[in-house]
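Undergrad: Take a look at the following structure, please.
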Amino acid sequence: MTKSIVSIRNLHKSYGKVPVLNDFSLDVYPNEVVVVIGPSGTGKSTLLRCINYLTPFDSGEIHLDGQKIDPRKTNLNHVRQQIGMVFQDFNLFNHMSAFHNVAVGLVKVKRVNRGEARSRALDELERVGMLQYKDQYPAELSGGQKQRVAIARALAMNPKIMLFDEPTSALDPELIEEVLAVMKSLAAAGMTMVVVSHEMSFAREAADRIVFMDQGAIAEMGSPSELFANPHKERTRQFLSKLGYRENERKDESDG
Amino acid sequence: MSIFDDRAAEVLQSLPYLLQGLGVTISVTLLALLLGGLIGLMGALARVYGAAPLRAAAAAYSRTIRSLPLLVILFFLYFLGSDIYEMSVFTSMVLALGIHTSAYQEGIFRAGIQSIERGQSEAAAAIGMTPFQNFFTIVLPQALRRCIPYWGNEAAIVLKDSSLAYVLGLTELMRRGQYVISRTHQAFLTYLIIGLIYLILTLVLTRGLSYMEKRVKIPG
Amino acid sequence: MDDQWAFFLRILPELWEGLKMSMYLSVGALSLGLVIGLPLALVKTYGHGVLRFVVTAYIEVVRGTPMVVQLFMVYFGLPELGIVIDRVPAAIIALAVNSSAYQAEYFRGAILSVSEGQYAAGRAIGMSQGQAVLHIILPQALRIVIPPWSNEMVYMVKYTSIAFLIAVPELMAQGQVIITRTFRPMETLFWVGLLYVIVLAILSQIVDWIETRVRIPGYQSDRRG
């Protein structure tokens, strides 16, 4: 059996008395793309933020590359370098150009020398198709462009796994595709990814596994073809039919 | 030299005498705030709704007053008053402090008025309100609520600046403190007590206003 | 009118000396206030426990008491405890203490107005808390703080005038000397006031220019009311 890159075991997290993650366990294997779907408020974003310890959790364990992360012993800053994170609202550093957004982690965190940082940052910008915008500031970019730079920023740290927290839900519809295209090419290149997203085209095309999350736990899990064609649980079926409505609309557009 | 000797006791015994200055401090503060509020509100109206020349004049007034130290305004009015009208030092102080704060209150009121969404007055106009009704029943009540925290800061500044009235010989807190010091030679302790009194006053003022802010808050 | 002008030219050298002293006090107070105020803001925002409580109390006490009480405390009060300070440094210290509390609040406001996501994104690429504050939060907060800081600057320049109460020969004090000698209070105060207006107009212009220079392209187009 292959070793998992990230192993989440029995995660519990509540905000006050409201449980958000309820005994959540999941293993993510090398080169795998896991898409997490589910109703809003079921802890999908919290799950991602717990994986890189941006949000502390109540109990459970997270293993990165076979090593248990112990926040008291492990240097979390070092852990986070190995886990790329892409936020729903981009969170590009407002006061830095696209280039500096990508280079800052290399220079300040990884202490790479400036020449190397420069060439690597430019490479990453090229990979997401943003090289020509390298000197633009975030406020001068469209949402889709911002998100592509944010992806490049995370990639520059050379992470073992990438987490995407609803990367397209703050975008205008016409800008979604350019971000999805970047993500699909990453998946094709073998990047290990956990993606919280309701973009069914992406899930169908790029996902190895779909996780349907409900009330802080995995309600159902399987390959896209299994889960979409033949969901076992009523909750999954209901949820998919709601999404399906939107998906059919898209199909109509592309047919016409 | 310890500050807790006999003369220190004398300072503490002067506390009632000091506190008698509160009346002057508070009345100067309130009258100056009222005067500054009236001028400030008119200035704000001129700058938001006025014709171009009026706007420019109101802006020039605010800008100039904001660049003048209170002491300059105070001495100017003091000499002007004693030259011509035999104005009391109390009146000079109220006028100086009122004019000084008017420029700041103008800014606060203007920001408050401008923060009310255009849709509010459009909706009022749409149901047939006159501009006058519109301003006083729709815009101003909402604007004033938003002004409260900033106005509270300004009120605290006016209260503290009223201490400068002592230079004209007005027997408010600060002046009385100096009399106590010349008798006891206990500057540190006396200023400590005066500072404490002002601290309590400003806390009462700002806490009182934030209580009021909650009371008049629009639900939701 | 010619007479007024001649009067102005006659008193100008004295006023100029006073103005230089006022500027010296202002620069001293504002820079010392910044050096004290910025760390206070950081402690009040990110610190906890006793340290945070002490800093909060300091800010409340300084903001709750009159400038002139603070000045007299330093110049007349401290000598009783054996701390004797010359008038000019005493004025600078008192003004700086006052300014530090206000600057701390302005810096804190600016730090808090930088969105939470900026900090989270810094941490997500592996920055330590200190790095995230230093490289991500502060560069943005220091830009946002410029307009309120500019207000504070104007306040401080004006407040230097109370140094005349402890006989520091700044602009206001020079004016008083001239008034006692010439018995022309109105004219003297007019010229004194005008100098304050001119100097503050120039200083505000400089700060505005700096704000434009460091503005992030496309961002915070106009925050001024």
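Undergrad: Collect the residues in the range B:49-88 that are surrounded by fewer than 20 Cβ atoms within 10 Å (Cβ to Cβ) and either touching a strand residue (DSSP E or B) at 6+ places or on another chain (Cβ under 8 Å) or part of a loop (DSSP other than H, G, I, E, B) (or both), keeping them in residue-number order.
TA: Those that are surrounded by fewer than 20 Cβ atoms within 10 Å (Cβ to Cβ) and either touching a strand residue (DSSP E or B) at 6+ places or on another chain (Cβ under 8 Å) or part of a loop (DSSP other than H, G, I, E, B) (or both): B:50, B:51, B:86, B:87, B:88.
Undergrad: Under the condition of being more than 14 Å from chain C (Cβ to nearest Cβ), of a type in the set (A, V, I, L, M) and under 22 Å from residue B:219 (Cβ atoms), which residue from the range B:128-174 is surrounded by the fewest Cβ atoms within 10 Å (Cβ to Cβ)? Quick ask: steps written out before the conclusion?
TA: Of the residues in the range B:128-174, the ones more than 14 Å from chain C (Cβ to nearest Cβ) are B:128-142, B:144-145, B:148, B:151, B:171.
Subsequent filtering for residues that are of a type in the set (A, V, I, L, M) retains B:129, B:138-140, B:144, B:148.
Restricting the remaining residues to those that are under 22 Å from residue B:219 (Cβ atoms) gives B:138-140, B:144, B:148.
On the way: B:138: 18, B:139: 21, B:140: 18, B:144: 16, B:148: 18.
Checking each candidate, the answer is B:144.
Undergrad: Given B:123, B:96, which one is closer than 22 Å to residue B:68 by Cα and part of a helix (DSSP H, G or I)? Let's see the steps before the verdict.
TA: Numbers: B:123 fails: closer than 22 Å to residue B:68 by Cα.
Exactly one residue qualifies, and that residue is B:96.
Undergrad: Follow-up question, since we're still on this one. Give me a count of the residues in the range C:90-125 that are farther than 30 Å from residue C:67 by Cβ and surrounded by 24 or more Cβ atoms within 10 Å (Cβ to Cβ). Spell out the reasoning first.
TA: Filtering the range C:90-125 down to residues farther than 30 Å from residue C:67 by Cβ leaves C:114-125.
Keeping just the survivors that are surrounded by 24 or more Cβ atoms within 10 Å (Cβ to Cβ) gives C:121-122, C:124-125.
Residues flagged as farther than 30 Å from residue C:67 by Cβ and surrounded by 24 or more Cβ atoms within 10 Å (Cβ to Cβ) within the range C:90-125 amount to 4.
Undergrad: For the range C:36-47, which positions are without any contact (Cβ under 8 Å) to a residue 40 or more places away in the chain and either within 23 Å of residue C:158 (Cβ to Cβ) or not in a helix (DSSP H, G or I) (or both)?
TA: The initial filter retains those residues of the range C:36-47 that are without any contact (Cβ under 8 Å) to a residue 40 or more places away in the chain, namely C:39, C:43, C:47.
Of everything in the range C:36-47, just one residue is without any contact (Cβ under 8 Å) to a residue 40 or more places away in the chain and either within 23 Å of residue C:158 (Cβ to Cβ) or not in a helix (DSSP H, G or I) (or both), namely C:47.
Undergrad: Looking at the range A:179-205, which of the residues that are over 13 Å from the mean Cα position of the chain (by Cα) and assigned to a helix (DSSP H, G or I) is surrounded by the most Cβ atoms within 10 Å (Cβ to Cβ)?
TA: Looking only at the range A:179-205, we keep the residues that are over 13 Å from the mean Cα position of the chain (by Cα), and these are A:181, A:185, A:188-190, A:200-201, A:204-205.
This time we only want the ones that are assigned to a helix (DSSP H, G or I), so: A:181, A:185, A:188, A:200-201, A:204-205.
On the way: A:181: 15, A:185: 14, A:188: 11, A:200: 20, A:201: 15, A:204: 14, A:205: 15.
Here the answer is A:200.
Undergrad: Continuing with the same structure: When you go through B:79, B:75 one by one, which is the residue that is out of contact with any Cys (no Cβ under 8 Å at 6 or more places or on another chain), closer than 22 Å to residue C:26 by Cβ, facing chain C (nearest Cβ under 8 Å) and of a type in the set (Phe, Trp, Tyr)? Before you say what the answer is, go through the steps one by one.
TA: On the way: B:79 fails: closer than 22 Å to residue C:26 by Cβ.
That would be B:75, the only listed residue that is out of contact with any Cys (no Cβ under 8 Å at 6 or more places or on another chain), closer than 22 Å to residue C:26 by Cβ, facing chain C (nearest Cβ under 8 Å) and of a type in the set (Phe, Trp, Tyr).
Undergrad: So residue C:93 fits all but one of (1) more than 26 Å from residue B:195 (Cα to Cα); (2) more than 9 Å from every other protein chain (Cβ to nearest Cβ); (3) β-branched (Val, Ile, Thr); what number is the exception?
TA: Only one criterion is unmet by residue C:93, namely (1).
Undergrad: Give the range B:205-217 a look and list any residue that's in a helix (DSSP H, G or I) and more than 10 Å from chain C (Cβ to nearest Cβ), or say none. Outline the logic, then answer.
TA: Residues of the range B:205-217 in a helix (DSSP H, G or I): B:205-215.
Within the range B:205-217, B:207, B:208, B:209, B:210, B:211, B:212, B:213, B:214, B:215 qualify.
Undergrad: Could you list, in sequence order, the residues of the range C:159-172 that are more than 9 Å from chain B (Cβ to nearest Cβ) and crowded, with 23+ Cβ neighbours inside 10 Å?
TA: Residues satisfying the conditions are C:163, C:168, C:170.
Undergrad: A further question follows. Could you tell me how many of the residues in the range C:39-62 are more than 16 Å from residue C:98 (Cβ to Cβ) and either in contact with a helix residue (DSSP H, G or I) (Cβ under 9 Å, 6 or more places away or on another chain) or at pLDDT 95 or above (or both)? Please lay out each step first, then the result.
TA: First pass over the range C:39-62, keeping only residues more than 16 Å from residue C:98 (Cβ to Cβ): C:39, C:42-54, C:56.
Keeping just the survivors that are either in contact with a helix residue (DSSP H, G or I) (Cβ under 9 Å, 6 or more places away or on another chain) or at pLDDT 95 or above (or both) gives C:39, C:42-47, C:50-54, C:56.
Of the residues in the range C:39-62, 13 are more than 16 Å from residue C:98 (Cβ to Cβ) and either in contact with a helix residue (DSSP H, G or I) (Cβ under 9 Å, 6 or more places away or on another chain) or at pLDDT 95 or above (or both).
Undergrad: Follow-up. Can you confirm whether the range C:147-158 contains a residue that is within 7 Å of chain A (Cβ to nearest Cβ) and in contact (Cβ under 8 Å) with a residue 24 or more places away in the chain? Even if it seems obvious, please write down each step before you answer.
TA: First pass over the range C:147-158, keeping only residues within 7 Å of chain A (Cβ to nearest Cβ): none.
No, the range C:147-158 contains no residue that is within 7 Å of chain A (Cβ to nearest Cβ) and in contact (Cβ under 8 Å) with a residue 24 or more places away in the chain.
Undergrad: Also: From the list C:87, C:63, pick out the single residue that is of a type in the set (D, E, K, R), under 23 Å from the mean Cα position of the chain (by Cα), surrounded by fewer than 21 Cβ atoms within 10 Å (Cβ to Cβ) and at the interface with another protein chain (Cβ under 8 Å from one of its Cβ atoms).
TA: Numbers: C:87 fails: at the interface with another protein chain (Cβ under 8 Å from one of its Cβ atoms).
Step by step, each of C:87, C:63 is checked, and only C:63 is of a type in the set (D, E, K, R), under 23 Å from the mean Cα position of the chain (by Cα), surrounded by fewer than 21 Cβ atoms within 10 Å (Cβ to Cβ) and at the interface with another protein chain (Cβ under 8 Å from one of its Cβ atoms).
Undergrad: Now for a separate question. Considering only residues that are crowded, with 21+ Cβ neighbours inside 10 Å and outside any helix (DSSP H, G or I), which ones fall in the range C:66-84?
TA: In the first step, residues of the range C:66-84 are kept if they are crowded, with 21+ Cβ neighbours inside 10 Å; the result is C:66-75, C:77.
Passing the criteria: only C:66.
Undergrad: Go through (1) in a helix (DSSP H, G or I); (2) farther than 25 Å from residue B:89 by Cα; (3) aliphatic (A, V, I, L, M) one by one and return the number of the condition residue B:129 breaks.
TA: (1)
Undergrad: Moving on. Quick check on residue C:216: is it within 14 Å of chain A (Cβ to nearest Cβ) and crowded, with 16+ Cβ neighbours inside 10 Å?
TA: For residue C:216, the condition - within 14 Å of chain A (Cβ to nearest Cβ) and crowded, with 16+ Cβ neighbours inside 10 Å - is met.
Undergrad: Do the conditions hold for residue B:11, that is, is it surrounded by 14 or more Cβ atoms within 10 Å (Cβ to Cβ) and within 18 Å of residue B:170 (Cα to Cα)?
TA: Details: surrounded by 14 or more Cβ atoms within 10 Å (Cβ to Cβ): yes; within 18 Å of residue B:170 (Cα to Cα): no.
The answer is no for residue B:11.
Undergrad: Could you go through the range B:124-144 and let me know if any residue there is at pLDDT below 95 and touching a Gly at 6+ places or on another chain (Cβ under 7 Å). Spell out the reasoning first.
TA: In the first step, residues of the range B:124-144 are kept if they are at pLDDT below 95; the result is B:124-144.
Still in the list and also touching a Gly at 6+ places or on another chain (Cβ under 7 Å): B:143-144.
Checked against the condition, which is being at pLDDT below 95 and touching a Gly at 6+ places or on another chain (Cβ under 7 Å), the range B:124-144 yields at least one hit.
Undergrad: Of all residues in the range A:122-137 being part of a loop (DSSP other than H, G, I, E, B) and surrounded by fewer than 19 Cβ atoms within 10 Å (Cβ to Cβ), which is nearest to the other protein chains (Cβ to nearest Cβ)?
TA: Narrowing the range A:122-137 to residues part of a loop (DSSP other than H, G, I, E, B): A:128-130, A:134-137.
Next cut, surrounded by fewer than 19 Cβ atoms within 10 Å (Cβ to Cβ) only: A:129, A:135-136.
Details: A:129: 20, A:135: 9, A:136: 8 Å.
Taking the candidates together, the pick is A:136.
Undergrad: Residue check: is residue C:128 facing another protein chain (nearest Cβ under 7 Å), over 27 Å from residue B:175 (Cα atoms) and modelled with pLDDT under 95? So that I can check it myself, show each step before the final result.
TA: On the way: facing another protein chain (nearest Cβ under 7 Å): yes; over 27 Å from residue B:175 (Cα atoms): yes; modelled with pLDDT under 95: yes.
Considered against the rule, which asks whether it is facing another protein chain (nearest Cβ under 7 Å), over 27 Å from residue B:175 (Cα atoms) and modelled with pLDDT under 95, residue C:128 comes out as yes.
Undergrad: Is there a residue being among the acidic types (Asp, Glu) and under 30 Å from residue B:14 (Cβ atoms) anywhere in the range B:158-170? Break it down stepwise before answering.
TA: Of all residues in the range B:158-170, those among the acidic types (Asp, Glu) come to B:161.
Checking which are under 30 Å from residue B:14 (Cβ atoms) leaves us with B:161.
The answer is yes; a qualifying residue exists.
Undergrad: Then there is this: Answer yes or no as to whether residue C:189 is under 19 Å from the mean Cα position of the chain (by Cα) and in a helix (DSSP H, G or I).
TA: Details: under 19 Å from the mean Cα position of the chain (by Cα): no; in a helix (DSSP H, G or I): yes.
Spelling it out, it is not the case that residue C:189 is under 19 Å from the mean Cα position of the chain (by Cα) and in a helix (DSSP H, G or I).
Undergrad: Give me the pairs: first residue in the range A:155-173 and of a type in the set (Ser, Thr, Tyr), second residue part of a loop (DSSP other than H, G, I, E, B), beta-carbon distance under 9 Å, and six or more apart or on different chains, which are they?
TA: That search, which allows pairs on different chains as well, returns A:168/A:88; A:168/A:197; A:168/A:198; A:168/A:199; A:169/A:88; A:169/A:197; A:169/A:198; A:169/A:199.
Undergrad: Turning to a different aspect of this structure: Of all residues being more than 8 Å from every other protein chain (Cβ to nearest Cβ) and touching a residue at least 40 places away in the same chain (Cβ under 8 Å) in the range C:176-198, which is surrounded by the most Cβ atoms within 10 Å (Cβ to Cβ)? Just the residue, please.
TA: C:188
Undergrad: Here is a further query. Could you pull out every one of the strands (runs of 3 or more DSSP E) wholly within the range A:3-121 that has 3 or more residues that are out of contact with any Cys (no Cβ under 8 Å at 6 or more places or on another chain), without any contact (Cβ under 8 Å) to a residue 60 or more places away in the chain and away from chain C (no Cβ under 13 Å)? Give the steps one after another, and end with the answer.
TA: Values: elements: A:6-15, A:18-28, A:33-37, A:59-64, A:83-86.
In the range A:3-121, A:6-15, A:59-64 are the strands (runs of 3 or more DSSP E) which contain 3 or more residues that are out of contact with any Cys (no Cβ under 8 Å at 6 or more places or on another chain), without any contact (Cβ under 8 Å) to a residue 60 or more places away in the chain and away from chain C (no Cβ under 13 Å).
Undergrad: Are any residues in the range C:103-115 facing chain A (nearest Cβ under 9 Å) and either within 14 Å of residue A:90 (Cβ to Cβ) or at pLDDT 95 or above (or both), and if so, which ones? Quick ask: steps written out before the conclusion?
TA: Filtering the range C:103-115 for residues facing chain A (nearest Cβ under 9 Å) gives C:114-115.
Within the range C:103-115, just C:115 meets the criteria.
Undergrad: Something else: Going by what's in this entry, would residue C:71 be described as under 25 Å from residue C:146 (Cβ atoms), of a type outside the set (Ser, Thr, Tyr) and either touching a strand residue (DSSP E or B) at 6+ places or on another chain (Cβ under 7 Å) or modelled with pLDDT of 95 or more (or both)?
TA: Values: under 25 Å from residue C:146 (Cβ atoms): no; of a type outside the set (Ser, Thr, Tyr): yes; either touching a strand residue (DSSP E or B) at 6+ places or on another chain (Cβ under 7 Å) or modelled with pLDDT of 95 or more (or both): yes.
No.
The values are calculated or read from the model by the stated rules, or taken from the named source; none is laboratory data. Note that the structure is predicted; figures quoted are calculated from it, not measured. Quick reminder, even Gly has a Cβ in these numbers, built from the backbone with ideal geometry, and neighbours come from all protein chains shown.
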